[in-house]
1. Got a number for residues in the range 116-133 being part of a helix (DSSP H, G or I) and either in contact with a Phe, Trp or Tyr (Cβ under 8 Å, 6 or more places away or on another chain) or open to solvent by 80 Å² or more (accessible area, probe 1.4 Å) (or both)?
2. Hand me the list of helices (runs of 4 or more DSSP H) wholly inside the range 139-249 holding 3 or more residues that are of a type in the set (Gly, Ala, Ser) and touching a helix residue (DSSP H, G or I) at 6+ places or on another chain (Cβ under 6 Å).
3. Mind checking which residues of the range 220-246 are surrounded by fewer than 16 Cβ atoms within 10 Å (Cβ to Cβ) and closer than 30 Å to THR10 by Cβ?
4. Within the range 482-489, can one find any residue that is modelled with pLDDT of 80 or more, over 23 Å from the mean Cα position of the chain (by Cα) and either open to solvent by less than 20 Å² (accessible area, probe 1.4 Å) or of a type in the set (A, V, I, L, M, F, W, C) (or both)?
5. Out of LEU487, LEU500, LEU472, LEU496, report the one residue that is aliphatic (A, V, I, L, M) and closer than 13 Å to VAL310 by Cα.
6. Go through LEU329, LEU298 for me and flag whichever is buried (at least 21 other Cβ atoms within 10 Å of the Cβ), outside any helix (DSSP H, G or I) and either touching a helix residue (DSSP H, G or I) at 6+ places or on another chain (Cβ under 9 Å) or of a type in the set (S, T, N, Q) (or both).
7. Being at pLDDT 80 or above and open to solvent by less than 60 Å² (accessible area, probe 1.4 Å) is the filter here, so list the residues in the range 453-463 that pass it.
8. Considering only residues that are crowded, with 20+ Cβ neighbours inside 10 Å, more than 21 Å from GLY447 (Cβ to Cβ), of a type in the set (Gly, Ala, Ser) and touching a Ser or Thr at 6+ places or on another chain (Cβ under 7 Å), which ones fall in the range 158-200?
Amino acid sequence: MATDQLHLLTVLDRAKTQFYHFTAVVIAGMGFFTDSYDLFCISLVTKLLGRIYYTVEGSSRPGTLPPAVAAAVNGVALAGTLAGQLFFGWLGDKLGRKRVYGLTLILMVVCSIASGLSFSSSPTAVITTLCFFRFWLGFGIGGDYPLSATIMAEYSNKKTRGAFIAAVFAMQGFGILAGGTVAIVISLIFKTIFKAPPYSVDAVKSTVPEADYVWRIILMLGSLPALLTYYWRMKMPETPRYTALVANDNKKACADMSKVLNVEIGQNVVNETQSNTNANSNFGFFSKKFLERHGIHLLGTATTWFLIDVAYYSQNLFQKDIFSAVGWLPPAKTMSALEEVFKVAKAQTLIALCGTVPGYWATVLLIDRVGRFFIQVVGFFFMTVFMFAIAIPYHHWTGNHVGFVLMYGLTFFFANFGPNSTTFVVPAEIFPARFRSTCHGISAAAGKAGAIVGAFGFLYAAQSQDPSKTDLGYPPGIGMRNSLIILGIVNVFGLLFSFLVPESKGKSLEEMSKENEVGDREEENQESSRVEQV
């Protein structure tokens, strides 16, 4: 690395925390607010979709989505997210973070609105339309992961970088909370205006025609927060690290920094456009050099993100089924369609308020004090403990709803004060600038692969072992208790793979990625000293 580049990045690392850092958190964070709202609000309305479009006349139980339809509705956005993470992660390194940042937001806004529309009232047309637009919604959401993390990492100083990246991700908690709150308000308004008896009293009248508007409104409102931040996202300049290290234009990097940060930069740096990068860093993504330097790290970030998402998305997307299984929610036939939406949303909102949101912000407060590795290992450990504490004495919780809510909330707390946050932060810190977005995208895509495994696997596995108690169309599974035990085992493996990921607390991005030539020389000198001592 040339001296002027080193000076420029040192200035950025030592810059005091400023107003723009908080502005960037809000701009990038509102994207994640939208992401989590859109991804998780579907779990609030799947039971309603089953009642509206798949109720069988004369059945003793309300309609539910058939297995293939439920898998598609729950999983198609995750598949789109995986594809978007890989594509936009790569594109962010090729074209720059800023140039593709607005595209992801437009995609999210358009598809949020479109996912609430349909071309007819038939179940096939409605579900097909919903799945089509939710795939592309997920595609846009996927791009937000590597771009937001990378942008925040590359603008932050090294002392508070972890907190700012984690704060962007913590907006997910508010998105989940907002989704539940919106569903509570909308369903409450509709059920107050349009009275309906429970399914067991009158199967037909229990689902009023106006209920079809409820799920559409809930999904479409996800476009608002993203739309409100579009202008500010377009005003953000390219990150100085990308401009200096990838585009090799120090002058523009300095100009961009001066627009948003109050820092002093030497005149010799401002006047020079540098094309002479560190020869020791000129290696490709698929090269042996990359594999030697970063292969283990990429394996660590990808596997831990995969494993946490298997557990996390299983818990999140199927909270309603877990609540019903332990008796926290009454049987579906004792409620009207809108009453069921209201109670499912209330239960999920309570869990988000007590466990999810506090966990995210505990990470923000402590990540730069105790480090990423500590939080990740502790999180996986306690997720394992509380998952087993729910699963092993499973039948005990059917009569102890308060205890169940406490234990279940703690698993969410330690997911978010733990690997769900750190797996997002670390990939943005430990890879070279020209591969940073790509590697974050790969790690995140591995996570979404885990989410898909969790979503589809849990859907079938959690079915009762008694064929008479399974949902309509599902084969018998291994039961809720055994499914939760498997999730606990997944957390154990997550803890073990965490040891492949390096600690980045208090270190510059260039030090972690070894782009800093001085850092390389210091390592060589230290190694020489050790050899001489021996």
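The values are calculated or read from the model by the stated rules, or taken from the named source; none is laboratory data. In this text, all values refer to a predicted model and were calculated from it rather than measured experimentally. Cβ: placed from backbone, ideal geometry, glycine included. Neighbour counts: every protein chain shown. Just the protein is used for accessible areas: all its heavy atoms, side chains included, with ligands, DNA and RNA removed. Shrake-Rupley method; radii C 1.70, N 1.55, O 1.52, S 1.80 Å.
1. 8
2. The helices (runs of 4 or more DSSP H) meeting that bar are 161-193.
3. Of everything in the range 220-246, those that are surrounded by fewer than 16 Cβ atoms within 10 Å (Cβ to Cβ) and closer than 30 Å to THR10 by Cβ turn out to be TRP232, MET234, LYS235.
4. Checked the range 482-489: at least one residue is modelled with pLDDT of 80 or more, over 23 Å from the mean Cα position of the chain (by Cα) and either open to solvent by less than 20 Å² (accessible area, probe 1.4 Å) or of a type in the set (A, V, I, L, M, F, W, C) (or both).
5. Result of the check over LEU487, LEU500, LEU472, LEU496: LEU487.
6. LEU329
7. Correct list: GLY454, GLY457, ALA461, GLN463.
8. The answer is GLY180, ALA196.
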